[in-house]
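Reading through the structure tokens given below for one structure.
Please treat every number below as a calculation from the coordinates, not as lab data. Model, not experiment: these values are computed from the prediction. Every residue, glycine among them, receives a Cβ derived from its backbone with ideal geometry; neighbour counts consider all protein chains shown.
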Amino acid sequence: MNCKKSLKAAAVALSICMTAVSGAVSPDMLKSNSKITANALNANDFDYYNNFESGAGDWEGRGGATAAVSSDNTYEGSKALYVSGRTDSWNGCQIALGSQFTAGSSYSFSAAVSPKGKKASEMMLSIQYSTGGEDQYGHIGSLTVQPDKWGVISCSEFTLPADGSNFVLYVETASGSSDFYIDEIAVGAVGAVKDNMTFGTQLGDIDGDDCITTFDTAMLRRYICNQKLSAPAAADLNSDKMIDIADGVLIQEYLFAKIDKFPDPPVVEEPEDDFEYIKNMQFKEFPGNYTQNCEQAGKVVKEYYTSCHGGKQTSANVYLPYGYDENQKYNIFYLMHGGGENQDTLFSNDVNLHKILDHMIMNGDIEPMIVVTPTFYSSNEGDFWQELLQNLIPHVEGKYSTYAESTSAEDIKASRYHRAFGGFSMGSVCTWHTLINAIDYIAYFMPLSGDSWVGNSNDEKAQNIVNAIKKAGYAPDEYFIFCATGSEDIAYPNIAPQVEAMKKHTDTFIYSSDLSEGNFYFLVAPGKTHWWGYVVHYVYDILPSFFHEHQ
Ligand code: FER
């Protein structure tokens, strides 16, 4: 493991430290290596050491985060530093390095870290310093750690830049803002790393040194004995998601050449996320402050494009969530206005959809997503789907980062589980047309306060929708229609009987608001009339249930 680096070379050196080993590990790699893991080191061996047993010392929150000693989860001893209230990945905890640490000198660094939550997190040990009055940032090391487990980020030699001053050591994450713990943080002489925890990626290369040796057996023993530790997948030799004695037996057999490879990992289905749907959803209003300004405000940008209908210039508004990052993929929701309205209606001060989305995202009701408000007036509500497919989707999704790998029809189809279309009133009419004509490209539909105009009777309308779905060849778990209106809405007498007619097609529509079980639901808000001021609450109710199937 070569962790020797200075800040200038940090990016390159990191790739040396962290790059995955590719290719098979062959038996001739079964050589011993000379790595020394200095597990015998203790507090006195370091220039700086804190295990938080007697308080936080000079550690403090970074950004808006709070850092406080906690005994809820510790790497060793009975206390650790708990970092919470983060709103961005660079938030975390920090300490100014004292004057005993000098610019241009090299030190070893290590920190035990444990992310809270549901997902593994790439934890980073970083440094801030100034050169010529400018703040600079660098990364000493990083490690991807399983949630609620511990890993140790370490670097055996890191040089503080010679032209730097005011060094501040901090812990952050590569992305996300979940809480985390740190414990046993040490800075010392070059090479003085207490618990080396580099990870290999090749099955059996547990310590990441490109070979399978008794050092890997020793590492494996450590993981088996201490289940608090975040073990790499490379240690799960029988791929049963447990690091236990069965893995110990396998590595012994491998080292004694009784086996020449580890069992093939099972082919696993892509995991569904663990979103909890609401069964039999009832209308619920969003909290009162959701239409107020939000401290994590997204951005609304106007996009101009040409419609295939008569080559007219038109525009749509695109809501980009707070912290929009073109390197991430976003679900996308197209939401259409009603009769007499336009593409600006939803993001106006009347409806404030942008502020509602800000709050929903900040509070975790929905993942950050892109929301587009177009208009059908460059076409008409019945033909808008053509403009959507030919012009709007390619324009918006060619510019902003969605799950569409490109704007080819194939790639738009391939990303249909990450795309939704909805609308109010005439926008709902437009939504039913879009469902009938563009189900290949969109999996989620939200018709609000408006019926389908394809067919004369309700039975005919239902049949036309069924025919379109059958013709496209989708199974009931491959499309989702979540309708809503108010019981006093003028559209209620139109949409309610259509929903009843659709329910009769039990092979096509499975009625449930739990979209892991069904694909069709009708939310009725007691007493509400035909007005965005009510309808926007239906968006709040329904949108969290979208985008969780076929991840
Ligand atoms: C309906 C569908 C559309 C409806 C009204 C409309 C009253 C739109 C009316 C308009 O914009 O003028 O089911 O029910």
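Assorted remarks:
- Taken about its Cα centre, the chain carries a charge dipole of about 340 debye when Lys and Arg each add +1 at the Cβ and Asp and Glu each add -1 at the Cβ.
- Tensor-based shape of the chain (alpha-carbon gyration tensor, a/c under 1.5 rounded, otherwise prolate or oblate): prolate
- For 373, 217, order by how many other beta-carbon atoms lie within 10 Å, fewest first: 217, 373
- Across region 130-139, computed HN-Hα scalar couplings (Karplus, 6.51 cos²θ - 1.76 cosθ + 1.60, θ = phi - 60°) run 10, 10, x, x, 9, 6, 10, 9, x, 10 Hz from first to last residue, x flagging Gly and Pro.
- Once the Cα gyration tensor of region 288-545 is diagonalised, semi-axes √(5λ) in Å: 26, 21, 18
- Take every DSSP beta bridge whose two residues both sit in the chain; close to 70 percent of them are antiparallel.
- For the chain, the longest principal axis of the alpha carbon atoms and the long axis of helix 214-225 meet at an angle near 60°.
- 3J(HN,Hα) along region 276-287: 9, 5, 8, 7, 6, 4, 10, 4, 9, 7, 6, x Hz, from the Karplus curve 6.51 cos²θ - 1.76 cosθ + 1.60 with θ = phi - 60°, whole Hz, x for Gly and Pro.
- Cα shape, region 304-452, gyration tensor, a/c 1.5 rule: rounded
- The chain: calculated mean residue ellipticity at 222 nm from DSSP helix runs of at least 4, using -39500 (n - 2.57): -6000 deg cm²/dmol
- Kirkwood analysis of the Cα pair distances in region 316-358 returns a hydrodynamic radius of 11.8 Å.
- Annotation for region 311-415: trypsin sites (Lys or Arg not before Pro) lying in DSSP loop with at most 16 further Cβ atoms inside 10 Å of their Cβ are 312, 329.
- Annotation: peptides 125-135, 276-286, 519-529, ranked by per-residue average of other Cβ atoms within 10 Å with the highest first, follow the order 519-529, 125-135, 276-286.
- Couplings 3J(HN,Hα) of region 297-306, computed from phi: 8, x, 10, 10, 10, 8, 10, 9, 7, 9 Hz, in residue order, whole Hz [Karplus 6.51 cos²θ - 1.76 cosθ + 1.60, θ = phi - 60°; x for Gly and Pro].
- On Cα atoms only, tilt of 353-362 relative to the major axis of the chain in degrees: 30 degrees
- Overall form of region 430-551 per C-alpha gyration tensor (a/c, 1.5; a/b vs b/c): oblate
- The long axis of helix 458-472 is offset from the longest Cα principal axis of the chain by roughly 40 degrees.
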